[in-house]
Amino acid sequence: FIEVAYEHLSGRAMFIWGDTVVGNHYYRIWDGAALSAANIPLAAATPHIPAMGDEADWVRLVPDPTSNRLMYGVQDGSRDLNTRLWNGAAWDTAVQHPEHDPTTENVNDRNFDIVFETDPANAGKAWLLWGNGGNTSRKQWNGAAWGGVTNFGDDAALVQLMAHPRTGTIFAGIYQATGSATDDITALQNVGGAWSAETIIWGGAITSNLYERVFIAPERYVPIINWREIYP
């Protein structure tokens, strides 16, 4: 799989994907006029994410709305979940990103998602949520390192995250795995730094392996900048 994201300040776009060689990941940058050569990120030696046990299956590349940073997440065919951060010029290392989970929910779904905060009070922070094979886990990136894990709920096959661009509220949609106790679709929110309890928005049953099955979108918003309405 391949992902694309824009650096928020520079306007450059990055394309990133996993290679057939275990642990290898390549990226190219579009600067508005041309693509860079394909580069192997993260280190000079192979493999570039040594903790990976198989080829990359699912990837996410998420921009920080306050900088040129991009958070890369990858789930491989052995159900390992790893991340790395691009600072606008280079990648960080496993020192900042120990493997999050060696046994996510399954290999047929993207069990995780990442989102950066839009609340100015939490600029540069991000959240990672994923199905861990027994329930759902979450942890926060504080700008330099990942915090501790909080486990909640039931098995999660697919996680979707979105931060509202104006209020800073983070929404999570979770499509439970077919092996969960109740096979529901659930939602929860982070408001002012605190996560709510899960709410069941569909009480099952669910179907497995249909890829993207939960979507989240904010209500249309129209900021006024220099006395002009700006339509996103």
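A few points about this structure:
- Stretchable slack from residue 197 to residue 20, in nm (0.36 nm times residue separation minus alpha-carbon distance): 59.8 nm
- For region 79-89, putting each phi into the Karplus relation 6.51 cos²θ - 1.76 cosθ + 1.60 with θ = phi - 60° gives couplings of 6, 7, 10, 9, 9, 8, 10, 9, 9, x, 9 Hz, in residue order, rounded to whole numbers and with x for Gly and Pro.
- Per-q log10 I(q)/I(0), region 115-194, q = 0.16, 0.21 Å⁻¹ (Debye; single scatterer per alpha-carbon; no solvent): -0.59, -0.92
- Relative intensity, log₁₀ I(q)/I(0), of region 52-93 from a Debye sum that treats every alpha carbon as a point, q = 0.14, 0.18, 0.21, 0.25 Å⁻¹: -0.34, -0.52, -0.65, -0.80
- Rounded to the nearest 20 debye, the dipole magnitude of the chain is 700 debye, with +1 charges on Lys and Arg beta carbons, -1 on Asp and Glu beta carbons, and the Cα centre as origin.
- Radius of gyration over Kirkwood radius for region 85-154, both on Cα atoms: the Rg/Rh ratio is 0.99.
- Over the chain - Rg/Rh using Cα atoms and the Kirkwood inverse-distance radius: 0.97
- Computed lengthening from residue 90 to residue 55, 0.36 nm per intervening residue step minus Cα-Cα distance: 10.3 nm
- Farthest toward positive dipole pole in the chain [+1 Lys/Arg, -1 Asp/Glu at C-beta], among 17, 151, 126: 126
- In plain terms, the chain is cut at each of the chymotrypsin sites (Phe, Trp or Tyr not before Pro) found in a DSSP loop with at most 12 other Cβ atoms within 10 Å, and the longest leftover piece is 1-210.
- Listed residue (38, 200, 87) projecting farthest to the positive dipole end of the chain, Cβ model: 87
We did not get these values from a lab; they are worked out from the coordinates using the rules stated. Predicted, not measured: the structure shown is a model, and the values here were computed from it. Quick reminder, even Gly has a Cβ in these numbers, built from the backbone with ideal geometry, and neighbours come from all protein chains shown.
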